[in-house]
Amino acid sequence: MRIDTSGGLGRPTPEGAHRDGVDFVAVILAARHRVRGGESRVFEAGGPRGIRFVMEEPRSAVLLEDASVVHETTPIRPDGPDAHRDTLVLTYRRGGFQSP
């Protein structure tokens, strides 16, 4: 997923804090080019505890057990031309995604 800032602000998770409705989610940073922001936030689904971090280095990754947490990423702002953030998001659902 490429999130760019051509409109002045890029929104990695416009829906806000959410679950993806799968068993596991892996978010892998592929590139981060001339952006500020993009703080990842992961909180326990039933309580106040959580962590906040910025994935800065390519190949940084986070693995989430989707039923246990809600997650989001804050907007990114340009810090130069062609500002963007690229991530690979992989989801896993036990039993697959299609009906048998």
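The values are calculated or read from the model by the stated rules, or taken from the named source; none is laboratory data. A quick note: this is a predicted structure, and the numbers were derived from the prediction, not measured. As a convention, Cβ positions derive from the backbone with ideal geometry for all residues, glycine included, and neighbour counts pool all protein chains shown.
Hey, could you check the stretch 60-93 for residues that are β-branched (V, I, T) and assigned to a strand (DSSP E or B) and say which is nearest to V25 (Cα to Cα)? For the stretch 60-93, the residue satisfying everything is T91. Give the residue that is modelled with the lowest pLDDT, with candidates limited to residues of the stretch 19-62 that are in contact with a helix residue (DSSP H, G or I) (Cβ under 9 Å, 6 or more places away or on another chain) and among the hydrophobic types (A, V, I, L, M, F, W, C). Of everything passing the filter in the stretch 19-62, A45 is modelled with the lowest pLDDT.
Among the conditions (1) over 27 Å from A45 (Cβ atoms); (2) of a type outside the set (S, T, Y); (3) at pLDDT 95 or above, R85 misses just one, which is (1). Name every residue in the stretch 1-19 that is surrounded by 14 or more Cβ atoms within 10 Å (Cβ to Cβ) and of a type outside the set (A, V, I, L, M), in order of residue number. Across the stretch 1-19, the qualifying residues are D4, T5, G10, R11, P12, T13, R19.
The numbered conditions (1) among the charged types (D, E, K, R); (2) over 25 Å from Y92 (Cα atoms); (3) loosely packed, with under 14 Cβ neighbours inside 10 Å are all true for R34 except (3). Residue-level analysis places G8 outside the set of residues that are in contact (Cβ under 8 Å) with a residue 40 or more places away in the chain, of a type outside the set (S, T, Y), within 18 Å of L90 (Cα to Cα) and part of a loop (DSSP other than H, G, I, E, B).
Residue by residue, here is whether (1) assigned to a loop (DSSP other than H, G, I, E, B); (2) in contact with a Pro (Cβ under 9 Å, 6 or more places away or on another chain); (3) aromatic (F, W, Y) holds:
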position	(1), (2), (3)
P12	yes, yes, no
E15	yes, no, no
F43	no, no, yes
P58	yes, no, no
G95	yes, no, no
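Contact map, the stretch 20-34: first residue part of a strand (DSSP E or B), second residue of a type in the set (S, T, Y), Cβ cut-off under 7 Å, separation 6 or more or different chains; pairs are F24/Y92; V25/T91; V27/T87; I28/T87; L29/S60; L29/T87; A30/T87. Kindly indicate the residue of the stretch 83-100 that is surrounded by 11 or more Cβ atoms within 10 Å (Cβ to Cβ) and of a type in the set (D, E, K, R) and also nearest to T5 (Cα to Cα) among those meeting that condition. It comes out as R85.
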